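The values are calculated or read from the model by the stated rules, or taken from the named source; none is laboratory data. Because the structure is predicted, anything quoted here is derived from the model rather than measured. When we count neighbours, we look across all protein chains shown, and the Cβ atoms used for this are built from the backbone with ideal geometry, even at glycine. Keep in mind that these areas ignore ligands, DNA and RNA; they rest on the heavy atoms of the full protein, side chains included. Shrake-Rupley method; radii C 1.70, N 1.55, O 1.52, S 1.80 Å.
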Number of protein chains: 4
Amino acid sequence: MAGNTFGKLFRITTFGESHGPALGVVIDGCPAGLALSEKDIQPYMDRRKPGQNQKTTQRKEDDRVEILSGVFEGKTTGTPIAMIVRNKDHHSQDYSEIAHVFRPGHADYGFYEKYGFRDYRGGGRSSGRETLARVAGGAVAAKVLSELGITVDAEVTELCGIDVTTPEGQALADDRILALRNEQDSAGGVVTCFVNNMPTGIGEPVFDKLDARLAQAVMSIGAVKAVEFGEGTRAARLRGSENNDGFEAVVLEPEEFDEDEEENEAGDFHSHEFHENDDEDELQEEVFQLTSNHAGGILGGMSDGAEIVMRAYFKPTPSIARPQQTANENGDNVTITIAGRHDPTVVERACVVVECMTAITILDALLENMGVQMDNLKAIYPID
Amino acid sequence: MAGNTFGKLFRITTFGESHGPALGVVIDGCPAGLALSEKDIQPYMDRRKPGQNQKTTQRKEDDRVEILSGVFEGKTTGTPIAMIVRNKDHHSQDYSEIAHVFRPGHADYGFYEKYGFRDYRGGGRSSGRETLARVAGGAVAAKVLSELGITVDAEVTELCGIDVTTPEGQALADDRILALRNEQDSAGGVVTCFVNNMPTGIGEPVFDKLDARLAQAVMSIGAVKAVEFGEGTRAARLRGSENNDGFEAVVLEPEEFDEDEEENEAGDFHSHEFHENDDEDELQEEVFQLTSNHAGGILGGMSDGAEIVMRAYFKPTPSIARPQQTANENGDNVTITIAGRHDPTVVERACVVVECMTAITILDALLENMGVQMDNLKAIYPID
Amino acid sequence: MAGNTFGKLFRITTFGESHGPALGVVIDGCPAGLALSEKDIQPYMDRRKPGQNQKTTQRKEDDRVEILSGVFEGKTTGTPIAMIVRNKDHHSQDYSEIAHVFRPGHADYGFYEKYGFRDYRGGGRSSGRETLARVAGGAVAAKVLSELGITVDAEVTELCGIDVTTPEGQALADDRILALRNEQDSAGGVVTCFVNNMPTGIGEPVFDKLDARLAQAVMSIGAVKAVEFGEGTRAARLRGSENNDGFEAVVLEPEEFDEDEEENEAGDFHSHEFHENDDEDELQEEVFQLTSNHAGGILGGMSDGAEIVMRAYFKPTPSIARPQQTANENGDNVTITIAGRHDPTVVERACVVVECMTAITILDALLENMGVQMDNLKAIYPID
Amino acid sequence: MAGNTFGKLFRITTFGESHGPALGVVIDGCPAGLALSEKDIQPYMDRRKPGQNQKTTQRKEDDRVEILSGVFEGKTTGTPIAMIVRNKDHHSQDYSEIAHVFRPGHADYGFYEKYGFRDYRGGGRSSGRETLARVAGGAVAAKVLSELGITVDAEVTELCGIDVTTPEGQALADDRILALRNEQDSAGGVVTCFVNNMPTGIGEPVFDKLDARLAQAVMSIGAVKAVEFGEGTRAARLRGSENNDGFEAVVLEPEEFDEDEEENEAGDFHSHEFHENDDEDELQEEVFQLTSNHAGGILGGMSDGAEIVMRAYFKPTPSIARPQQTANENGDNVTITIAGRHDPTVVERACVVVECMTAITILDALLENMGVQMDNLKAIYPID
């Protein structure tokens, strides 16, 4: 029990079932002084909305988020930010037939075994609608990060086994998805998430390493079956000499300081150190950068200054229209046909969920890192 | 900060650096009444000991664990169990040359950036020796699980890209590892972990799903770059009709009840329900089982009764003897040669670490699940 | 930040400001299978409602609680139970004059210093209305406890320094309160809370002792300045021989087993042990009981089977109508007169809040205790 | 279970029994860069050592603390700091007689009921020696605080009911204690703890208020039966107009800025604001201060800049030499005489324990507060 809170300092607690009165989130630990309104949240909600193209479900949702607390005169106050989304589009009749059936690939059986009974309407707590609350929470985290210059972006890079990072691949995949819909079947895919402009050294060894916490965050999203960083599974097949990322010290000329820094292949510059150049009696800035990024921006569980690259592998949508063999609570073996409106794939809609879980995890790690050096404490709490 | 505790109810807190006085663990939340002595722990310590074959480092370690608290008259008392292992084999001189260098693929840079300085002796806190403490803690968790009939086993299934589940593959991989040693290089691999006889419904939706917590647990092990369950990354390429696991209700004849239950392909039987057979006026036992196990034993974040199958992908050992380009703390670009004794691969030694982190996570989830139904509370706290 | 969650396994997360859209609570970790509806909560809400007698504020509130999640077909499902109460009775104009003033005895200054600005309407998050959410959460905890036979009751035992456990004292205190209202002043008092039928051994040494957790729970209620157990402050003035509570073994005759057990002075019977009586070849039940209850039912941080007796000392209401000297955010020293409607005392309304925080803490401790012995694990997870 | 960790960001996990191999603590979350060695810890250990005067036990202990991890080249590294103290002075024979007896006023019964059996040697985990680990942890917290200019001091203010803040009172109490020793009895007392130079706004509403967390911290010390702040229990008997503390804005002349600021009655100055004085075109510093300190330095759960004043009430030592009636595990009613060497009072030795638990709580709250405003995040993570 008590698994509905995520985060230590920036914490989200979510609630709600697919066909209950409402879903929502309480954010505790959002720093005070962030400009925030529903307008910051709604675009994130809309990104996970179904019915946006022919690959996703036609169910029309109108998920309006309402902020109930924690914002005053347009700014966060430091107190909990509660947000809810009312459920409107109930078609409980769609689900009555499968109320006591264990749908293959769904959490029905787990809920039944764990709690003794379950809210069977639309999957109840295990519905994809649960991610609404994650997204509302993540939208706030992402806005805090943006104020620190940190960006989090996720995109579909593979769909039903096809690389979709090219227009040709995307077209191929679109065709395949349509074919699967006709065949009453479904597809999975891969979401790749990128974090840029991360400060270095973020993440807490040894159990709360940044990659470990991100792994939990992303694996907790329904349908994710694998998580990897950088080379990921491929790293197991590389040699050390291939997989190691070297460091390089680079001296920036003074005129470069204020300009937009160029990115190198491995990610943004980071870690600025100044030391005097005796010959010219002039201050030079020196930074460390990686000469490659096989690690995916996290080394020893801490951000290393390069772009964070994480991949989440989604299984195919378990709700398929074709008949399936399974059992019901009474111990009868039955054939079911799942009616309703279901996506052949949820991967596109899942991008914003991956982004949001990533943003929450990153912000939480930044907050946890704040007191890690005596000098930071002295900066925040100066002696008069 | 404060990332050195794992678990909620069965919690391990670990400490210690590679070349400090000692490493250790404090276990809080171990149930009272478990028979326990150092003899239960030492075999686990020995399994992660280097120098056991030519593939691993020749450094001779003699890691004797000492229990400092929490055990009385051979049984756990319910109070914290502290265990330490003294460090003996210090060769600090081996490391003096690289004290201020950021070794490629190591946590040196992260520690330096995060804390401002670091214990550079043997990797300090980021040394592989850190896993000693995890193993001591996991050995206790595994013993508790074994009393409940639950087993956790991990094995190397792939080494330097070669499937080693057959003698031929193993022989091939052995040759490759020797070659890599000669080439002053290293290899990664895959550890597969199996959990059997799991009760169903274990794991806490939505953020503390069993797979999410396992992902954190295993990703927190140094060198792990990917974690997957069941079909894992392959699930993203399957159709829903291929990936879904159906349920099947099976009626056991009375005489079968007390016998060892057969396993089916998908895992052990589970979830016993009795209902009367009117015709024969006889009690029959009915169980649900899965007809396949693509999910890897975890569905909707909860155990589904099938065998749990998890894979951890380890990167190649970053400490390689061949010269590497990198930078040092002074901002010099340097070529380093890592002396010392280093494994071409750590994957074999890592099996016990994966097992132990898994056992800790599973036990923690079992404890957290205990109060999930009113009936359980009434069973433990009967009204007089 | 992140201080709005209480509890480990039965957790409440509260949110909301006095004049924001709504206040509410999310309960995570409520066992599944508890019959629950708004009708179980509303009576608790009504008990903390102001305007019930002349001693309390005349502000009319109509605090209707709505359950948003976690209940299906009249029973808790094991998923989070969210409840909200909409704010209706906004008189923001009452507060405009003191928006930037640090009211004596209020949290205004702390919020201003901590967060940089604050929601000044009606005290914002530090308003007494915040306790609405605690009460909604506690009502659920209390219902779970009642199913286990455990009762939690709080009453006012002292008001403005007068013992009100007798009708004469109550009458005296009523007069005093009216006089204070006329003098534009206020009074504090003492709430005593009793817990009966507690199982023994509940509470987690050494930091999460039952009294330590209760102390946090109750001290976190606004206006509480002291918490004590049993003899409390008086224990510091007693001798060991006066303060120690002895144990007594009592043998119950068989016919007493099924009857309602009598209470002795020190609390209910507890801890049943059976042993054979050789003479009569008959099973006898034996229980331990305390011969006195100076400790207040908690010994060594664990329940000892006697009645738990805890006292919370409330300061006088800081909002008084008479003029007060203080400063505002601009650095001006000002005289303020707090208009609005304010209680001369909140102690009566606070009883239900003390009860609710106690119930939450007790239930959380019961859940945490469930896995404390190997035998409990084996009972919940029997090997097939 | 799992009650042996205290704190969120600065966390101590303690372990050890009175007569086991060792006691100790693991500190997680100590900021890196603090100069630290055993010499910083030992004086704290010595302050809680018995046998220092005739009022305390004659048992000679030699509690040498050893740091096992987390310190390198004389400074904390940010990794866990483990410290142990070996047990040496075992007189297990003293305890054999009472191994299965429930001593009045001790935790014996609770441990027996909770865990099914217990380590009876010297009280096991419930021994006063447990506080050794708290003190080792608190010594580190206190050193961090001292670097921030914050002081924590505790003293005995009442002993066996006598005010000991005057030499006459102290003399009277000394006589009383000797008399109690002769009468084979014991005494309690009151420890008052003062925190000075606290930054304002520290503490997390609503459940982790500073006073709420301190109440848990101090109530978790064995023998504490009441905790209060400022007027404490007396506040319940004051009028609002008597108990409220007003704020005052004070303008400091420029020459005063760099000098040692004078304290006023209510505590140190705090909260500096600068604003321009148009007439003199000169910067003036303005501070807020309280005109009284009835609240004890904590208002609305946050530090208000005045001196924090907290009192802990200790019960008389339960181990008294005179015969006492009680029961044993077999259900026999017995008379016991506790041999061994026991303090007539532990209050003097407890001062350092109160200080240490306070220091840990204060430091933890300071760390938690660091990310409470967006401006703090921007200060620690500046955009390049």
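Mind checking the full-extension length gain between B:THR151 and B:ARG86? Use 0.36 nm per residue of separation minus the Cα-Cα distance, one decimal, nm.
Gain on extension, B:THR151 to B:ARG86, equals 20.4 nm.
Contact order normalised by length for chain D, with contacts defined as Cα pairs under 8 Å and 6 or more residues apart; what percent is it?
Values: 775 pairs, mean separation 82.6, N = 384.
Value for chain D: 22 percent.
Name the trypsin sites (Lys or Arg not before Pro) in segment A:75-149 that are in a loop by DSSP and that have at most 15 other C-beta atoms within 10 Å, would you?
A:LYS88
So what is the relative contact order of segment D:302-384, in percent, for Cα pairs below 8 Å that sit 6 or more residues apart? Walk me through the numbers on the way to the answer.
Values: 39 pairs, mean separation 16.4, N = 83.
So the answer I get is 20 percent.
What spacing in nm lies between the two simple spin-label points modelled at C:VAL250 and C:GLU97, each 7 Å away from Cα in the Cβ direction?
My value for the distance between the label points is 6.1 nm.
May I ask you to report, in nm to one decimal and beginning with the shortest, the distances from C:ASP46 to the same position in the other copies, taking label points 7 Å along Cα-to-Cβ?
4.6, 6.6, 7.1
How much accessible area per residue does chain D have, in Å², with a 1.4 Å probe? Numbers along the way, then the final one.
On the way: 12430 Å² over 384 residues.
With the other protein chains kept in place, chain D gives 32 Å² per residue.
Please give the charge dipole size of the protein assembly as shown, origin at the Cα centre, charges +1 on K and R Cβ atoms and -1 on D and E Cβ atoms. Round to the nearest 20 debye.
Values: 140 positive and 264 negative charges, 4 e Å.
In debye, rounded to 20, the protein assembly as shown gives about 20.
Could you work out the helix-only [θ] at 222 nm for chain A, with each DSSP H run of four or more residues adding -39,500 (n - 2.57) and the total divided by the number of residues, to the nearest 500 deg cm²/dmol? Kindly include the intermediate steps, with their values, before the conclusion.
Values: 8 runs with 95 residues, N = 384.
That comes out to -7500 deg cm²/dmol.
At a Förster distance of 45 Å, what's the computed FRET efficiency of D:ASN330 paired with D:ASP46, Cβ-Cβ distance as r, to 0.05?
Values: r = 42 Å, r/R0 = 0.92.
Between D:ASN330 and D:ASP46 the formula returns 0.60.
Which percent of the accessible area of segment A:151-207 is formed by carbon and sulfur heavy atoms (probe 1.4 angstrom)?
Values: 1040 of 2080 Å².
Ligands and nucleic acids excluded, carbon and sulfur give 50 percent.
Only residues of segment C:178-192 count here: report those whose backbone N is under 18 Å from the spot 7 Å along Cα→Cβ of D:GLU242, or say none.
Label zone hits: C:178-191.
Within the set A:LYS114/B:LYS39; A:LYS8/B:LYS315; A:LYS378/D:LYS39; C:LYS8/D:LYS114, which residue pairs have Cα atoms separated by over 25 Å? Walk me through the numbers before you get to the answer.
Values: A:LYS114/B:LYS39 36 Å; A:LYS8/B:LYS315 29 Å; A:LYS378/D:LYS39 23 Å; C:LYS8/D:LYS114 19 Å.
From A:LYS114/B:LYS39; A:LYS8/B:LYS315; A:LYS378/D:LYS39; C:LYS8/D:LYS114, over 25 Å: A:LYS114/B:LYS39; A:LYS8/B:LYS315.
Calculate how steeply helix D:347-369 sits against the longest principal axis of the alpha-carbon atoms of chain D, using the helix alpha-carbon long axis, and give the answer as 0 to 90 degrees to the nearest 10.
Value to nearest ten degrees: 40.
Between C:THR337 and C:SER292, what's the calculated FRET efficiency when r is the beta-carbon distance and R0 is 41 Å? Round to 0.05.
On the way: r = 51 Å, r/R0 = 1.24.
So the FRET efficiency works out to roughly 0.20.
Give me the angle, in degrees from 0 to 90, between the Cα long axis of helix C:131-147 and the longest principal axis of the Cα atoms of chain C, rounded to the nearest 10.
The angle comes out at about 10 degrees.
About its Cα centre, how strong a charge dipole does chain C have in debye, to the nearest 20, once Lys and Arg get +1 and Asp and Glu get -1 at the Cβ?
Working: 35 positive and 66 negative charges, 801 e Å.
Using Cβ point charges on Lys, Arg, Asp and Glu, chain C gives about 3840 debye.
Of all alpha-carbon pairs in the protein assembly as shown, indicate the percentage at a distance above 71 angstrom.
Working: 51498 of 1178880 pairs.
Value for the protein assembly as shown: 4 percent of Cα pairs lie more than 71 Å apart.
With the Cα gyration tensor of segment B:93-201 in hand, convert its eigenvalues to equivalent ellipsoid semi-axes via √(5λ) and list them largest first in whole Å.
33, 25, 11
How far, in nm to one decimal, is A:GLY331 from itself in the other copies if the label point is set 7 angstrom along Cα toward Cβ? Shortest first, please.
Taking the point 7 Å beyond Cα along Cα→Cβ, the inter-copy spacings are 4.1, 7.7, 8.1 nm.
What percent does the relative contact order of segment D:124-189 come to when contacts are Cα pairs within less than 8 Å and at least six residues apart?
On the way: 37 pairs, mean separation 15.0, N = 66.
About 23 percent, as a whole number.
Shortest first and in nm with one decimal, please list how far the A:GLU155 label point sits from its counterparts in the other copies (point 7 Å along Cα→Cβ).
Sorted ascending, the copy-to-copy spacings read 4.2, 6.9, 7.1 nm.
How far is helix D:167-182 tilted, in degrees, relative to the longest principal axis of the Cα atoms in chain D, given as a value from 0 to 90 rounded to the nearest 10?
Its long axis makes an angle of about 20 degrees.
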